[in-house]
Amino acid sequence: MDLRSDLLEARRLASEREYGVLLDGAKSRAVEPVRRFRIRGTLAEIEATDDRSARIVADGFRVALRDSFTAEQRATFERISERKSALQTDETEVTYSFHGPNDEGLTEDTYEGRRSTVTVSAFPHCPSRYGKLLTALLTQYHAPSVLELGTCLGTSAAYIGAGLDSGHLTTVEAGEPQVEIARETIAELGLEERVTVQHGLFQDVLLEDGTVPNFDVAFLDGHHQKDATLEYFDALYEFANGGAVIVFDDVNGYSEGMDEAWDEIRTDLRVDLSVSTNRIGLAVVKSSIVDPERFSLPY
Ligand SMILES: C[S@@+](CC[C@H](N)C(=O)[O-])C[C@H]1O[C@@H](n2cnc3c(N)ncnc32)[C@H](O)[C@@H]1O
């Protein structure tokens, strides 16, 4: 917004006695530069760690904040938004086995899943703010191998795919309708060469058979429960290549258990550098960093 439109909007709100909205707008405009200043300072500290993965993480945040994506990536973002909108208004009913969180962690019940019928519109999607951050991180990393646990309808997989050059993403999902729709999402966006949707349970592919590939970047976004998340972290650590970045979704404010899980992970001595945001957590492992570093960003 330029100053003129700002003033016109302020006058309109004042004339309609919308003083609350007016104050909120003024407050957020005053707070935003402070927020960006704090983020820039923290990114400089992360970079000073002088490790390749640390620099990649800092640069990933910078690209996302400056919105400096390529024309091709912007076009893909546009198409991801269109696909997401279509799915969010799709009232087709689908029946699937819900393997998601329960209070007990990796139980038999979670393994078998509970049959549930929902409409396609009810499935969750990655918000564009964090999706673009994933694209930016991958663009900086040039990762040969990427792993995602929790595909759902393929939105975050598409954002990850948009950041890959010669690398490949394997994304794992247990729900049959989700797998089918996610494969359509990936095909519609022309990302089949870069993304494989694998049908399976995290417990099987990660803990039992160990059929997931070793990875440079991983995104864990499913089965949001404390004990399960900690077990998946242990297993993911074994599959991580040197300097890998493991991204955890929903570790701030989603649930007490997820906050606690992230607190244990970010302070775990196997994690060389961690970055906590308002929603996700990033953990760098097996890097050149000798003294663990912990950061937090209002992102
Ligand atoms: C939050 S959604 C993923 C959203 C997706 N990453 C996105 O941002 O577009 C979580 C998905 O994980 C799947 N899931 C949960 N627990 C699982 C498990 N133990 N094994 C396999 N899939 C699981 C669910 O079926 C669900 O589709």
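Each value in this text was obtained by applying a stated rule to the coordinates, not by laboratory testing. In this text the structure is predicted, and so the values were computed from the model without any measurement. All Cβ positions, glycine included, derive from the backbone under ideal geometry; neighbour counts span all protein chains shown.
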Worksheet entry | Spin-label model distance (nm) - Val118 vs Phe98, 7 Å beyond Cα toward Cβ | 0.7 nm
Worksheet item: Among residues other than Gly167 whose Cβ falls under 12 Å from its Cβ, what is the net charge (Lys/Arg +1, Asp/Glu -1)?
Response: -2
Response to the item:
Site Ser128, offset 7 angstrom along Cα→Cβ, radius 18 Å on amide nitrogen, limited to the range 61-86, gives 63-86
Fill in: Distance (nanometres) between label positions extended 7 Å along Cα→Cβ at Ser81 and Glu180
3.0 nm
Worksheet entry | Shape metrics for the range 1-48, restricted to C-alpha atoms - Rg then Dmax, Å | 15.5, 50
Worksheet item: Using only helices, what value at 222 nm comes out for the chain when you add -39,500 (n - 2.57) per DSSP H run of length 4 or more and divide by the total residues, to the nearest 500 deg cm²/dmol?
Response: -15000 deg cm²/dmol
Worksheet item: Out of Tyr232, Tyr141, Tyr254, any idea which swings most in a Gaussian network model of the chain, alpha carbons joined below 10 Å?
Response: Tyr254
Worksheet entry | Separation of the Glu72 and Asp234 label points, Cα + 7 Å toward Cβ, nm | 4.2 nm
Worksheet item: Gln198's amide H: which non-local residues (gap 5+, or another chain) put their own amide H closer than 5 Å, with H modeled 1.01 Å from N in plane and none for Pro or chain starts?
Response: Thr171, Val172, Glu173
Worksheet item: Quick one: Debye curve from the C-alpha atoms of the chain, no solvent, what's log10 I(q)/I(0) at q = 0.07, 0.08, 0.11 Å⁻¹?
Response: -0.29, -0.38, -0.70
Worksheet entry | Amide H within-cut-off set for Phe219, under 5 Å, with H built and near neighbours excluded | Leu147, Glu148, Leu149, Val247
Worksheet item: So how much slack lies between Arg40 and Arg11, counting 0.36 nm per residue of separation and subtracting their Cα-Cα distance, in nm?
Response: 7.1 nm
Worksheet item: Can you sort Glu9, Glu256 so the residue with the fewest Cβ neighbours within 10 Å comes first?
Response: Glu256, Glu9
Worksheet item: Taking springs between alpha-carbon atoms closer than 10 angstrom, which of Gly131, Gly25, Gly242 fluctuates most in the Gaussian network model of the chain?
Response: Gly25
Discussion item. If I build a Gaussian network model for the chain, linking alpha-carbon pairs within less than 10 angstrom, which residue out of Thr117, Thr196, Thr185 has the largest mean-square fluctuation?
Written reply: Thr117
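So how much slack lies between His142 and Ser288, counting 0.36 nm per residue of separation and subtracting their Cα-Cα distance, in nm?
50.7 nm
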Worksheet, complete the sentence: Residues of the range 138-169 with backbone N under 14 Å of the label point set 7 Å from the Cα of Glu192 along Cα→Cβ are none
Discussion item. Please report the antiparallel percentage of DSSP beta bridges with both residues in the chain, rounded to the nearest 5.
Written reply: 40 percent
